Amino acid sequence: MNTSSANVTVVLQYRDPISKAVAKNLIVVVIGISINYINAGLIHTFCKHQIFYTNPRYVLFIHLVVNDMVQVTLSLCMFIISYTIYKINASVCCTFILIALIMTENTPLNLACMAIECYIAICFPLRHAQICTIKRTLILIGLIWTTTMLSCLPDLFITLATVPLDFFHSKIFCLRKTAFPNPIILEKRDITYIVLLVTVWTTVFYAYFQILSTAQTASEDAKRAKNTVLLHGFQLLLCMLAYVAPQLRDVLMQWFPQNSTDILFAYYIVIQVLPRSISPIIYGIRDKTFRGYLKKHLCWTVSNK
């Protein structure tokens, strides 16, 4: 029995009591709906005001928010399914996992692009409007999607080439290792994550230290941009957990099989929820322009109830 099948057996063997399962699902649903409600307010505010969708900074931000909404919704559905249906059709699971992987890898690349935009705005203010145009921003978003799809789609192709077609009609407990079981995929994943993280961290650190040197003698905007990039770095640090935590999760599930469902619950909260709760703070609360329009939107919503 390999590690992935052992983990699935452990999860199915140690199920939570009904009261504990209901409590966990209720917590997850409340948190997921809350994050998506806030993000929906941000998207509504973005779409209602031209000042945002003509600004590359906010276009990158709203792309991150939409990405987070899809990720949270998908992971919420998978979490609930793991407690209710337990096993689902393998082809459906592969689709869910593939979308989740693409969204997960989109986030650090998007954060790196946002850090570079801050760097250009502070260090090259006179050229910012020329360099950071809406057209180039949309091309950049297209490149992000192309990069992540080229990274994730080979998992599906390798699986199609190495497992019998009957596998896709079977029912499995939906984890990445059970959906894409070939060991080559795990090796590819590790190499891809290392390259991705080194590239993104180098970009974020470069942007931060360049902004830091400018902020010593420059305006309040430079100092605010420095703090924003720091927050991006913290968000990126949380996103990194998605790359290293699966191995820790598997080890903990083998050491403490009777707590396997609690480990999966903690994994979901820390890996899936926390990184996606920071985006609204960075631009929904800290950004003066966005905060002003968001307040107007909230006040209008309350007054019309």
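The values are calculated or read from the model by the stated rules, or taken from the named source; none is laboratory data. Remember, it's a predicted structure, so these values are computed and weren't measured experimentally. All Cβ positions, even for glycine, are placed from backbone atoms using ideal geometry, and neighbour counts span all protein chains on display. Keep in mind that these areas ignore ligands, DNA and RNA; they rest on the heavy atoms of the full protein, side chains included. Shrake-Rupley method; radii C 1.70, N 1.55, O 1.52, S 1.80 Å.
Every condition in (1) outside any loop (DSSP other than H, G, I, E, B); (2) under 22 Å from TYR267 (Cα atoms) is met by PRO181 except one, and the failing one is (1).
Could we say that ASN67 is within 30 Å of VAL195 (Cα to Cα), open to solvent by less than 50 Å² (accessible area, probe 1.4 Å) and either within 22 Å of the chain's Cα centre (by Cα) or modelled with pLDDT of 85 or more (or both) here? Yes.
Checked against the criterion of being farther than 18 Å from GLU117 by Cβ, open to solvent by less than 30 Å² (accessible area, probe 1.4 Å), at pLDDT below 70 and part of a helix (DSSP H, G or I), the stretch 280-293 has at least one qualifying residue. For the stretch 102-140, a tally of residues being without any contact (Cβ under 8 Å) to a residue 12 or more places away in the chain, β-branched (Val, Ile, Thr) and either within 29 Å of SER75 (Cα to Cα) or not in a helix (DSSP H, G or I) (or both) returns 1. Within the stretch 43-55, track down each residue that is in a helix (DSSP H, G or I), more than 15 Å from GLN71 (Cβ to Cβ) and in contact with a helix residue (DSSP H, G or I) (Cβ under 9 Å, 6 or more places away or on another chain). Of everything in the stretch 43-55, those that are in a helix (DSSP H, G or I), more than 15 Å from GLN71 (Cβ to Cβ) and in contact with a helix residue (DSSP H, G or I) (Cβ under 9 Å, 6 or more places away or on another chain) turn out to be HIS44, THR45, PHE46, CYS47, LYS48, ILE51, PHE52, TYR53. One residue alone among LEU76, LEU126, LEU101 is open to solvent by 10 Å² or more (accessible area, probe 1.4 Å), out of contact with any helix residue (DSSP H, G or I) (no Cβ under 9 Å at 6 or more places or on another chain) and among the aliphatic types (A, V, I, L, M), and that residue is LEU126. Regarding the stretch 20-29, can at least one residue be identified that is open to solvent by 20 Å² or more (accessible area, probe 1.4 Å) and modelled with pLDDT under 80? Among the residues of the stretch 20-29, at least one is open to solvent by 20 Å² or more (accessible area, probe 1.4 Å) and modelled with pLDDT under 80, which makes the answer yes.
When you go through TYR208, TYR193 one by one, which is the residue that is within 27 Å of THR261 (Cα to Cα) and either open to solvent by 30 Å² or more (accessible area, probe 1.4 Å) or not charged (D, E, K, R) (or both)?
TYR193 is the lone residue from the list that is within 27 Å of THR261 (Cα to Cα) and either open to solvent by 30 Å² or more (accessible area, probe 1.4 Å) or not charged (D, E, K, R) (or both).
Going by the structure shown, is THR148 among the β-branched types (Val, Ile, Thr) and in contact with an Asp or Glu (Cβ under 6 Å, 6 or more places away or on another chain)? So that I can check it myself, show each step before the final result.
Values: among the β-branched types (Val, Ile, Thr): yes; in contact with an Asp or Glu (Cβ under 6 Å, 6 or more places away or on another chain): yes.
So THR148 passes the test.
Cβ-Cβ contacts under 7 Å between residues 6 or more apart (or on different chains), taken from a first residue in the stretch 37-57 that is on the phi < 0 side of the Ramachandran plot and open to solvent by 70 Å² or more (accessible area, probe 1.4 Å) to a second residue that is among the small types (Gly, Ala, Ser) and in a helix (DSSP H, G or I), are listed as ILE38/GLY284.
Give me the residue from the stretch 129-140 that is more than 27 Å from LEU101 (Cβ to Cβ) and out of contact with any helix residue (DSSP H, G or I) (no Cβ under 8 Å at 6 or more places or on another chain) and, out of that set, least open to solvent (accessible area, probe 1.4 Å). The selected residue is ALA129.
Of all the listed residues (SER91, SER170), the sole one being touching a residue at least 60 places away in the same chain (Cβ under 8 Å) and in contact with a Phe, Trp or Tyr (Cβ under 8 Å, 6 or more places away or on another chain) is SER91.
Does the stretch 141-175 hold any residues that are in a helix (DSSP H, G or I), of a type in the set (S, T, N, Q) and open to solvent by 30 Å² or more (accessible area, probe 1.4 Å), and which are they?
The answer is THR146, THR147, THR162.
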